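I have placed the structure first, in the form of structure tokens, so that the comments after it can refer back to it.
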């Protein structure tokens, strides 16, 4: 009788909440000689990325300035270390003529494929979509990768937007980043799914007081729909992720963010890895 009572009471308790951890990191390995991961081998990249992701038990990883040639090595490293299946969706940047935007070879001269964005997913069977984004016709094309995790009803979208440099959306009003963010917001939503969206957006937070005003305005709609990982109360800002400014973001459903962490001790890239833990 006591056992039946305990079972009845247990059935009345709320089900334990499931959590998901996500990391975003611009690893700066492709073409920037100022970064320590520049010309790193596929094995070295897998080791550094994998260790950083698993330090916070990431189940989804957004990468920018990665290399397509290291995708399989990272997938295998993650599977061996976790004992889980991992799947990685990857997209290599191209010029407007379709030529791959190549990563420089590793230090032994071995090719590493094209500079890329990637979304890695642990465990769950995932489907991936590549969504082209508006980009300056004189420079590289841009895209976002969205991974759908049906078992968790999660949609995870990662991207790397135009840099705002002289050759990549420097015009007044940041027209291409504005269009890129509009499109990213559209594709991030899927009925019946909870979304986590982010990456290196190359704009400053709306209430930060630094960076271009057009970029700050362009990212503001995300704060209306989502909660940003490092958002400070009602202020739409957060801790820096690159050289004193916040350029890297992780957005999740409002009220779902349990933890946020920017790993400022990592000096392998000019960007810091950012981690979010959300309640599903």
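Okay, here's what the table says:
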{"item": "In the stretch 117-130, residue nearest to residue 27 (Cα to Cα) [restricted to those that are touching a residue at least 60 places away in the same chain (Cβ under 8 Å) and in contact with a helix residue (DSSP H, G or I) (Cβ under 8 Å, 6 or more places away or on another chain)]", "result": "120"}
{"item": "Filter result (crowded, with 18+ Cβ neighbours inside 10 Å and either without any contact (Cβ under 8 Å) to a residue 12 or more places away in the chain or under 22 Å from residue 194 (Cα atoms) (or both)) within the stretch 229-260", "result": "229, 230, 231, 236, 248, 249, 250, 251, 252, 256, 257, 260"}
{"item": "Whichever residue in the stretch 191-204 is out of contact with any helix residue (DSSP H, G or I) (no Cβ under 8 Å at 6 or more places or on another chain) and within 14 Å of residue 145 (Cα to Cα) and, among such residues, is surrounded by the most Cβ atoms within 10 Å (Cβ to Cβ)", "result": "196"}
{"item": "Flag for residue 51 being in contact with a helix residue (DSSP H, G or I) (Cβ under 8 Å, 6 or more places away or on another chain) and either modelled with pLDDT of 95 or more or under 18 Å from residue 117 (Cα atoms) (or both)", "result": "no"}
{"item": "Selection count, the stretch 80-99, where residues are more than 16 Å from residue 29 (Cα to Cα) and touching a strand residue (DSSP E or B) at 6+ places or on another chain (Cβ under 7 Å)", "result": "7"}
{"item": "Failed criterion for residue 179 (all others in (1) free of Cβ contacts under 8 Å to residues at least 60 places away in the same chain; (2) over 18 Å from residue 221 (Cα atoms); (3) touching a helix residue (DSSP H, G or I) at 6+ places or on another chain (Cβ under 9 Å) hold)", "result": "(2)"}
{"item": "The lone exception for residue 131 - which of (1) at pLDDT 95 or above; (2) part of a loop (DSSP other than H, G, I, E, B); (3) under 21 Å from residue 190 (Cα atoms) it fails", "result": "(2)"}
{"item": "Qualifying residue in the stretch 11-18 (condition: over 25 Å from residue 102 (Cα atoms), out of contact with any helix residue (DSSP H, G or I) (no Cβ under 6 Å at 6 or more places or on another chain), in a helix (DSSP H, G or I) and modelled with pLDDT under 95)", "result": "yes"}
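The values are calculated or read from the model by the stated rules, or taken from the named source; none is laboratory data. None of the values given here were measured: they were computed from a predicted structure. Cβ coordinates were reconstructed from backbone atoms using ideal geometry, including for glycine residues, and neighbour counts include every protein chain displayed.
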